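Beneath this line is the structure, given in structure tokens, with notes to follow.
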Amino acid sequence: PVAAGPSVMELYEACVSGAWPNAADAEKRNAACSRALQTRQLQPAEVALARLTRGIARSVLGDKVLATEDYREALKHYDGAIDPRNPDALNLYRRAASLDALGQTDRALADYSEAIRVDPKGALAFLGRGVLLASRKRSYDRAIDDFSRTIEIEPNNTAAYIARGNAYSQIGDNGRAIADLDKAIALAPDDPQAYVVRGLAYNRRNEIAAALRDYNKALELDPRFASALANRAAIYASEGKQDLAIRDLDHAIAIDSSNPLAYYNRGYAHFAKGE
């Protein structure tokens with residue numbers, strides 16, 4: 001007898017369940033979303049969420065062209081699904097995520113804020129708006145407020161602790177940053193992002209050995225974590241270990257060929273060697 005494969009709903013749940021895809025699960029989520037969509041048995045709202053999720057997975061995997069196609073299709077659905085007179089907070093949040101991914105920052109910010117107005121207990125919208133404010137607007141104080149609100153609503157939200165820790169580090173408050181990242185690591189000891197961000201905070205406090213330990217741990221958890229490789233390379237280069245720096249940067253560029261800082265630092269390492 002031949003065993004039955006997963007059902008459409010099992011594939012769909014594997015695609016959309018949990019937080020947005022990250023480096024650890026992007027490949028599996030991308031495959032599950034694609035298989036679910038290929039059945040052509042999903043409802044329109046399910047298609048939109050599957051496409052948005054697959055777009056994020058594809059972005060993580062470096063396939064920006066196909067990701068953009070998914071984001072645009074998701075956006076079409078949410079534009080049609082949202083009634084301006086009686087908007088649904090979850091659809092507003094998902095449209096904001098689509099807009100954010102397409103680089104439409106101000107429209108995304110408006111949708112996140114409207115989702116919060118409609119549902120002031122919506123942790124997802126606070127987190128999404130905070131990430132946008134930090135990454136696109138460099139409004140770290142406002143972002144910290146949003147991450148703090150997320151944590152009030154969901155005290156064990158690992159992503160919020162990582163994001164707030166990163167924002168604290170960006171404004172030079174590395175003590176608070178490390179405290180948040182310690183909490184994130186206690187909640188999710190296998191999340192490589194937490195170690196990378198804590199490594200940055202340690203590096204900014206000139207605690208180089210601690211930073212290196214965190215980058216090494218992140219790479220133990222995910223050997224293809226390009227920013228961990230690039231950050232470790234920067235430490236190697238500062239210590240005069242240019243060959244180790246170049247090795248890490250070669251690897252980082254092979255994983256993510258669109259990172260200009262990796263090329264710059266590799267050029268600097270070659271220059272330091274007289275090449």
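Of everything in the stretch 101-131 that is closer than 24 Å to G62 by Cα and not aliphatic (A, V, I, L, M), the residue that is most open to solvent (accessible area, probe 1.4 Å) is Q104. If you filter the stretch 106-137 down to residues that are under 16 Å from the mean Cα position of the chain (by Cα) and not hydrophobic (A, V, I, L, M, F, W, C), you find that the one that is farthest from A163 (Cα to Cα) is R136. Hey, does the stretch 171-181 have a residue that's under 15 Å from the mean Cα position of the chain (by Cα), open to solvent by less than 60 Å² (accessible area, probe 1.4 Å) and at negative phi? Looking for residues that are under 15 Å from the mean Cα position of the chain (by Cα), open to solvent by less than 60 Å² (accessible area, probe 1.4 Å) and at negative phi, one finds none in the stretch 171-181, hence no. For the stretch 215-234, the count of residues that are among the small types (G, A, S), touching a residue at least 24 places away in the same chain (Cβ under 8 Å) and more than 16 Å from N265 (Cβ to Cβ) is at least one. N203 meets the conditions (1) buried (at least 24 other Cβ atoms within 10 Å of the Cβ); (2) within 21 Å of N265 (Cβ to Cβ) in every case but one. The failed one is (1). Mind checking which residues of the stretch 137-170 are buried (at least 24 other Cβ atoms within 10 Å of the Cβ), among the aromatic types (F, W, Y) and within 20 Å of T105 (Cα to Cα)? Correct list: F147 only.
For N231, the conditions (1) open to solvent by less than 60 Å² (accessible area, probe 1.4 Å); (2) polar (S, T, N, Q); (3) not in a helix (DSSP H, G or I) all hold with the exception of (3).
For the stretch 17-36, a residue qualifies if it is surrounded by 15 or more Cβ atoms within 10 Å (Cβ to Cβ) and in contact (Cβ under 8 Å) with a residue 60 or more places away in the chain, and the qualifying residues are W20, N22, A23, A24. Close Cβ contacts (under 7 Å, 6 or more residues apart or on different chains) running from residues in the stretch 259-275 that are without any contact (Cβ under 8 Å) to a residue 60 or more places away in the chain to residues that are open to solvent by 100 Å² or more (accessible area, probe 1.4 Å) and not polar (S, T, N, Q) are absent. The sole residue among A184, A134 that is touching a residue at least 12 places away in the same chain (Cβ under 8 Å), surrounded by 16 or more Cβ atoms within 10 Å (Cβ to Cβ) and farther than 28 Å from Y71 by Cα is A184.
The values are calculated or read from the model by the stated rules, or taken from the named source; none is laboratory data. Treat the numbers as computed from the prediction; the structure is a model and nothing was measured. Don't worry about glycine lacking a Cβ; one is built from the backbone with ideal geometry, like all the others, and counts go over all protein chains shown. Only protein heavy atoms, including side chains, enter the accessible area calculation; ligands, DNA and RNA are left aside. Shrake-Rupley method; radii C 1.70, N 1.55, O 1.52, S 1.80 Å.
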